[in-house]
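Novice: Take a look at the following structure, please.
The values are calculated or read from the model by the stated rules, or taken from the named source; none is laboratory data. The structure presented is a predicted model; accordingly, all values stated were derived computationally and were not measured. Here the Cβ is made from the backbone with ideal geometry for all residues, glycine too, and neighbour counts use every protein chain on show.
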Amino acid sequence: MASLLLISENLILQRPTYTARLIQKACISESAQCYHLEFALEDMEHFDFASGQFISAVAVDGNGKTQTRAYSIASATNGNRFDLCVNRVEGGFFSNHLVDLPEGDSVQVHGPHGHFVLKNPVTDSIFVATGTGIAPMRGFTQWLFPETGKHAGEDRSQGRDIWLIYGTRHESEIYYRDYFERLAAEHENFHYVNTLSRSDESWQGKRGYVQEHLGSIVEARGGISMSSPSVSTAVVDGSLTDTVVAVEVQVQAQPLSFDIHTYICGLNNMVSAVRDKLTGYGWHKKQIIFERYD
């Protein structure tokens, strides 16, 4: 399934579009019919965006109707270029339109959009993704550990521990596996975890769903770290006395500060399961940043 968000057509028509030419296309999973697409924006030297944001693509379908879909950018800023990770969808229009584009053809886009971006300053982080939800995670890691451009070789993570937990059904559907394995080999603070829900007997890695593999990370890390211990006092106090109200007011007046965040991208059921798992560990909702595409 493509990483997409439905966008209001009336809102889209008010935004200027740009011509994005497909310069390279590669199938990265035959079984899932997933394609890596690299675009360059014509007449633009730079396309600036924050890793994790998305673009909206616009095209007219076979019935003459203007269709618009949003796709997470699968890369960090790189001149006038951006990458997408798109699955063919049976009976669908837009994703199939993109993966069927010949190299050299173009599509209209606008953006960047979205607030699914890394917190500043960077903290220890857990990235959780399934399917094409890996796209913004690739953008995050390209920004954190740049391999090209003027920042090549820098470690923008500043030594923070970064975990990527990626879940899919079969081993043939582990998108960008070579890239993430190389990153983990080169950076001791980047930890790459794959888990398969329908693995065969030959699979030697982890099995099950992504939320099942959060516990070891969270427990080893100590779960939650907040700037003010009075937060927990207000939460667990059994009565709403004047004292408790005063404490709550004091806490609300001070910004919460966390030293670890989780970023989640995928289908709604997965996102909800991961959020429930983390809140069960006592995580605050502001520590959990997510994007759903169904």
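Novice: Return the residues of the stretch 51-84 that are under 12 Å from residue 109 (Cα atoms) and not hydrophobic (A, V, I, L, M, F, W, C); say none if nothing qualifies.
Specialist: Within the stretch 51-84, 56, 67, 68, 69, 71 meet the criteria.
Novice: Considering only the stretch 149-176, state which residues are surrounded by fewer than 17 Cβ atoms within 10 Å (Cβ to Cβ), charged (D, E, K, R) and within 16 Å of residue 132 (Cβ to Cβ).
Specialist: Matches in the stretch 149-176: 169 only.
Novice: For the stretch 39-79, enumerate the residues that are surrounded by fewer than 19 Cβ atoms within 10 Å (Cβ to Cβ) and either in a strand (DSSP E or B) or outside the structural domain of residue 91 (by TED's automatic domain parsing) (or both).
Specialist: Listed by number, the residues that qualify are 40, 59, 60, 66, 67, 78.
Novice: Here's something else I'd like to know. Taking the condition of being polar (S, T, N, Q) and in a loop (DSSP other than H, G, I, E, B), how many residues in the stretch 21-38 meet it?
Specialist: Restricting attention to the stretch 21-38, the residues satisfying the condition of being polar (S, T, N, Q) are 24, 29, 31, 33.
Next cut, in a loop (DSSP other than H, G, I, E, B) only: 31, 33.
Counting residues in the stretch 21-38 that are polar (S, T, N, Q) and in a loop (DSSP other than H, G, I, E, B) gives 2.
Novice: Further question: What single numbered condition from (1) touching a Gly at 6+ places or on another chain (Cβ under 7 Å); (2) part of a helix (DSSP H, G or I) fails to hold for residue 138?
Specialist: Going through (1) touching a Gly at 6+ places or on another chain (Cβ under 7 Å); (2) part of a helix (DSSP H, G or I) one by one, residue 138 breaks only (1).
Novice: Answer yes or no: is there a residue in the stretch 66-77 that is more than 29 Å from residue 288 (Cβ to Cβ) and either of a type outside the set (Phe, Trp, Tyr) or touching a residue at least 40 places away in the same chain (Cβ under 8 Å) (or both).
Specialist: Yes: the stretch 66-77 contains one or more residues that are more than 29 Å from residue 288 (Cβ to Cβ) and either of a type outside the set (Phe, Trp, Tyr) or touching a residue at least 40 places away in the same chain (Cβ under 8 Å) (or both).
Novice: Take the residues in the stretch 80-103 that are under 22 Å from the mean Cα position of the chain (by Cα), in a loop (DSSP other than H, G, I, E, B) and over 15 Å from residue 23 (Cβ atoms), then tell me which one is modelled with the highest pLDDT.
Specialist: 88
Novice: Out of 117, 128, 107, report the one residue that is at pLDDT 95 or above, within 27 Å of residue 273 (Cα to Cα) and outside any loop (DSSP other than H, G, I, E, B).
Specialist: 128
Novice: Let me ask something else about it. Give the residue that is surrounded by the most Cβ atoms within 10 Å (Cβ to Cβ), with candidates limited to residues of the stretch 196-226 that are of a type in the set (S, T, N, Q) and closer than 21 Å to residue 30 by Cβ. Before you say what the answer is, go through the steps one by one.
Specialist: Here is the first cut: in the stretch 196-226, the residues of a type in the set (S, T, N, Q) are 197, 199, 202, 204, 211, 216, 225.
If we keep only those that are closer than 21 Å to residue 30 by Cβ as well, we get 197, 199, 202.
Working: 197: 14, 199: 18, 202: 6.
Looking at residues that are of a type in the set (S, T, N, Q) and closer than 21 Å to residue 30 by Cβ, I get 199.
Novice: Taking residue 178 and the conditions (1) in a loop (DSSP other than H, G, I, E, B); (2) without any contact (Cβ under 8 Å) to a residue 24 or more places away in the chain, which numbered condition does it fall short on, given that it satisfies the others?
Specialist: Of the numbered conditions (1) in a loop (DSSP other than H, G, I, E, B); (2) without any contact (Cβ under 8 Å) to a residue 24 or more places away in the chain, the odd one out for residue 178 is (1).
Novice: Based on what the data block shows, is residue 232 at pLDDT below 85, assigned to a helix (DSSP H, G or I) and surrounded by fewer than 18 Cβ atoms within 10 Å (Cβ to Cβ)?
Specialist: yes
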